[in-house]
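The values are calculated or read from the model by the stated rules, or taken from the named source; none is laboratory data. Here the structure is a predicted model, which means the values were calculated and not measured. Heads up, the Cβs are rebuilt from the backbone with ideal geometry, glycines too, and the neighbour counts pull from every protein chain shown. Protein only, heavy atoms only, side chains kept; ligands, DNA and RNA dropped before computing areas. Shrake-Rupley method; radii C 1.70, N 1.55, O 1.52, S 1.80 Å.
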Amino acid sequence: MIIKQFTIILSAILLTLSATACGYDEIATDSVTEIRIAPFDNAGELPKSLDADGRCCRQSLMLWISFRLTDYADLAHLASPMVRMQVIALSDFDEGLPAGSDITSRFMLHPVRPEISMTDPDTHTYEPVRFSMPSEQEPLHTIYQEGAYLMLVSPPAEPVKCRFTVVATFADGTSLSATTGEIDLF
(Lines give C-alpha, C1' and ligand atoms only; values in the text may rest on other atoms or scores of the structure.)
Protein backbone atom coordinates (compact mmCIF):
# COMPACT_ATOMS: atom_id res chain seq x y z
CA MET A 1 0.00 0.00 0.00
CA ILE A 2 2.80 2.43 0.89
CA ILE A 3 4.59 1.67 -2.39
CA LYS A 4 1.38 2.33 -4.35
CA GLN A 5 0.88 5.70 -2.59
CA PHE A 6 4.53 6.61 -3.13
CA THR A 7 4.19 5.75 -6.84
CA ILE A 8 1.08 7.92 -7.18
CA ILE A 9 2.73 10.88 -5.41
CA LEU A 10 5.92 10.53 -7.47
CA SER A 11 3.87 10.35 -10.69
CA ALA A 12 1.97 13.51 -9.73
CA ILE A 13 5.23 15.36 -9.00
CA LEU A 14 6.79 14.29 -12.30
CA LEU A 15 3.64 15.24 -14.22
CA THR A 16 3.62 18.68 -12.59
CA LEU A 17 7.31 19.25 -13.33
CA SER A 18 6.98 18.18 -16.97
CA ALA A 19 3.90 20.38 -17.47
CA THR A 20 5.67 23.47 -16.14
CA ALA A 21 8.84 22.74 -18.11
CA CYS A 22 6.92 22.53 -21.39
CA GLY A 23 4.38 25.27 -20.69
CA TYR A 24 3.44 28.05 -23.06
CA ASP A 25 4.60 30.66 -20.55
CA GLU A 26 8.10 30.26 -21.97
CA ILE A 27 7.80 31.68 -25.47
CA ALA A 28 11.06 32.25 -27.27
CA THR A 29 11.95 35.52 -28.91
CA ASP A 30 12.43 34.82 -32.60
CA SER A 31 12.55 36.39 -36.05
CA VAL A 32 10.64 35.65 -39.23
CA THR A 33 13.00 34.48 -41.99
CA GLU A 34 10.46 33.79 -44.74
CA ILE A 35 6.80 34.22 -45.52
CA ARG A 36 4.83 31.92 -47.78
CA ILE A 37 1.54 32.44 -49.55
CA ALA A 38 -1.01 29.89 -50.72
CA PRO A 39 -4.36 30.78 -52.34
CA PHE A 40 -7.45 28.92 -51.13
CA ASP A 41 -11.11 28.76 -52.16
CA ASN A 42 -13.24 29.45 -49.08
CA ALA A 43 -16.60 28.72 -50.73
CA GLY A 44 -17.27 25.28 -49.22
CA GLU A 45 -17.57 23.89 -45.74
CA LEU A 46 -13.76 23.89 -45.46
CA PRO A 47 -11.22 25.97 -47.40
CA LYS A 48 -9.44 24.05 -50.15
CA SER A 49 -6.34 24.89 -52.15
CA LEU A 50 -6.91 26.01 -55.70
CA ASP A 51 -6.72 23.50 -58.54
CA ALA A 52 -3.90 23.71 -61.09
CA ASP A 53 -6.00 26.07 -63.24
CA GLY A 54 -5.99 28.64 -60.39
CA ARG A 55 -9.72 29.36 -60.69
CA CYS A 56 -11.62 30.74 -57.73
CA CYS A 57 -14.93 32.53 -57.27
CA ARG A 58 -13.96 36.12 -56.57
CA GLN A 59 -16.26 36.23 -53.52
CA SER A 60 -14.40 33.36 -51.83
CA LEU A 61 -10.67 33.99 -52.28
CA MET A 62 -8.54 33.45 -49.21
CA LEU A 63 -4.75 33.79 -49.06
CA TRP A 64 -3.01 31.71 -46.41
CA ILE A 65 0.11 33.48 -45.17
CA SER A 66 2.54 31.32 -43.20
CA PHE A 67 5.82 32.25 -41.57
CA ARG A 68 9.15 30.47 -41.17
CA LEU A 69 10.76 31.38 -37.88
CA THR A 70 14.50 31.23 -37.17
CA ASP A 71 14.15 28.45 -34.61
CA TYR A 72 11.22 26.74 -36.35
CA ALA A 73 9.11 27.40 -33.25
CA ASP A 74 5.34 27.06 -33.36
CA LEU A 75 4.77 30.34 -31.52
CA ALA A 76 7.22 33.19 -30.99
CA HIS A 77 7.49 36.67 -29.57
CA LEU A 78 8.97 38.72 -32.41
CA ALA A 79 12.36 40.34 -31.81
CA SER A 80 11.24 43.03 -34.24
CA PRO A 81 7.43 43.47 -34.30
CA MET A 82 5.57 43.39 -37.60
CA VAL A 83 4.44 46.95 -38.30
CA ARG A 84 2.85 46.53 -41.72
CA MET A 85 1.35 43.92 -44.00
CA GLN A 86 0.43 44.90 -47.54
CA VAL A 87 -1.31 43.13 -50.39
CA ILE A 88 -0.23 44.40 -53.81
CA ALA A 89 -2.10 43.51 -57.02
CA LEU A 90 0.43 42.70 -59.76
CA SER A 91 -2.14 43.12 -62.52
CA ASP A 92 -5.20 45.34 -62.94
CA PHE A 93 -7.55 44.41 -60.08
CA ASP A 94 -10.61 46.61 -60.39
CA GLU A 95 -11.66 49.95 -61.81
CA GLY A 96 -9.23 52.52 -60.45
CA LEU A 97 -6.84 49.84 -59.15
CA PRO A 98 -4.23 49.19 -61.85
CA ALA A 99 -1.29 46.80 -61.54
CA GLY A 100 0.92 47.77 -58.60
CA SER A 101 -1.98 49.05 -56.47
CA ASP A 102 -2.04 48.48 -52.73
CA ILE A 103 -5.30 46.57 -52.18
CA THR A 104 -4.76 45.72 -48.50
CA SER A 105 -8.03 47.43 -47.56
CA ARG A 106 -9.87 44.83 -49.68
CA PHE A 107 -8.73 42.05 -47.31
CA MET A 108 -9.45 41.15 -43.69
CA LEU A 109 -6.82 39.47 -41.52
CA HIS A 110 -8.03 36.35 -39.73
CA PRO A 111 -5.69 34.32 -37.51
CA VAL A 112 -5.31 30.59 -38.16
CA ARG A 113 -5.70 30.05 -34.41
CA PRO A 114 -8.49 32.34 -33.19
CA GLU A 115 -7.55 32.05 -29.53
CA ILE A 116 -5.86 34.32 -27.02
CA SER A 117 -2.31 35.29 -27.93
CA MET A 118 0.47 36.40 -25.60
CA THR A 119 1.70 39.90 -26.23
CA ASP A 120 4.40 40.33 -23.59
CA PRO A 121 6.41 37.28 -22.48
CA ASP A 122 8.01 39.19 -19.58
CA THR A 123 4.79 40.23 -17.85
CA HIS A 124 2.64 37.40 -19.29
CA THR A 125 -0.07 39.82 -20.35
CA TYR A 126 -2.60 38.65 -22.89
CA GLU A 127 -4.90 40.25 -25.41
CA PRO A 128 -7.61 38.76 -27.61
CA VAL A 129 -6.53 37.94 -31.14
CA ARG A 130 -7.36 40.91 -33.28
CA PHE A 131 -8.64 40.99 -36.79
CA SER A 132 -6.83 44.06 -38.09
CA MET A 133 -3.67 44.40 -40.11
CA PRO A 134 -0.49 45.19 -38.18
CA SER A 135 0.46 48.86 -38.16
CA GLU A 136 3.03 51.13 -36.51
CA GLN A 137 0.30 52.14 -34.04
CA GLU A 138 -0.67 48.50 -33.37
CA PRO A 139 2.29 46.26 -34.23
CA LEU A 140 2.06 42.48 -34.15
CA HIS A 141 4.35 41.21 -31.37
CA THR A 142 3.51 37.50 -31.24
CA ILE A 143 3.20 35.21 -34.21
CA TYR A 144 2.24 31.63 -34.97
CA GLN A 145 4.25 29.87 -37.65
CA GLU A 146 0.95 28.84 -39.27
CA GLY A 147 0.29 32.53 -39.84
CA ALA A 148 -3.03 33.98 -40.84
CA TYR A 149 -5.64 34.06 -43.54
CA LEU A 150 -6.24 37.12 -45.66
CA MET A 151 -9.90 37.00 -46.66
CA LEU A 152 -10.92 38.98 -49.76
CA VAL A 153 -13.90 40.92 -48.41
CA SER A 154 -14.23 43.42 -51.25
CA PRO A 155 -13.79 41.52 -54.52
CA PRO A 156 -13.46 43.14 -57.93
CA ALA A 157 -16.74 43.95 -59.70
CA GLU A 158 -15.79 41.95 -62.79
CA PRO A 159 -13.90 38.67 -63.32
CA VAL A 160 -10.14 39.20 -63.44
CA LYS A 161 -6.91 37.22 -63.62
CA CYS A 162 -4.49 38.52 -61.03
CA ARG A 163 -1.31 37.80 -59.09
CA PHE A 164 -0.76 39.11 -55.58
CA THR A 165 2.33 39.94 -53.54
CA VAL A 166 2.11 40.09 -49.76
CA VAL A 167 4.77 42.21 -48.05
CA ALA A 168 5.44 42.05 -44.30
CA THR A 169 7.50 44.90 -42.86
CA PHE A 170 9.11 44.80 -39.42
CA ALA A 171 10.10 47.57 -36.99
CA ASP A 172 13.81 47.09 -37.78
CA GLY A 173 13.12 47.94 -41.45
CA THR A 174 13.29 44.35 -42.74
CA SER A 175 10.69 43.42 -45.36
CA LEU A 176 9.78 39.94 -46.56
CA SER A 177 7.43 39.12 -49.42
CA ALA A 178 5.78 36.24 -51.22
CA THR A 179 3.88 36.15 -54.52
CA THR A 180 1.05 33.96 -55.78
CA GLY A 181 0.78 32.43 -59.21
CA GLU A 182 -1.96 33.74 -61.47
CA ILE A 183 -5.43 33.41 -59.95
CA ASP A 184 -8.50 33.46 -62.17
CA LEU A 185 -11.17 35.25 -60.15
CA PHE A 186 -14.40 34.47 -61.96
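Per-structure values
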item	result
Förster-model FRET efficiency, 22 Å R0, Glu95 and Lys161, C-beta, rounded to 0.05	0.90
For the stretch 39-97, the fraction of alpha-carbon pairs in successive 10 Å shells from zero, as %	16, 34, 32, 18, 1
Extension reserve of the Thr70-His110 stretch, reckoned as 0.36 nm per residue once the Cα distance is removed	12.1 nm
Convex hull projection area averaged over all views, the stretch 71-114, Cα basis, nm²	4.8
Ser175 - accessible surface, heavy atoms, 1.4 Å probe, Å² rounded to 10	60
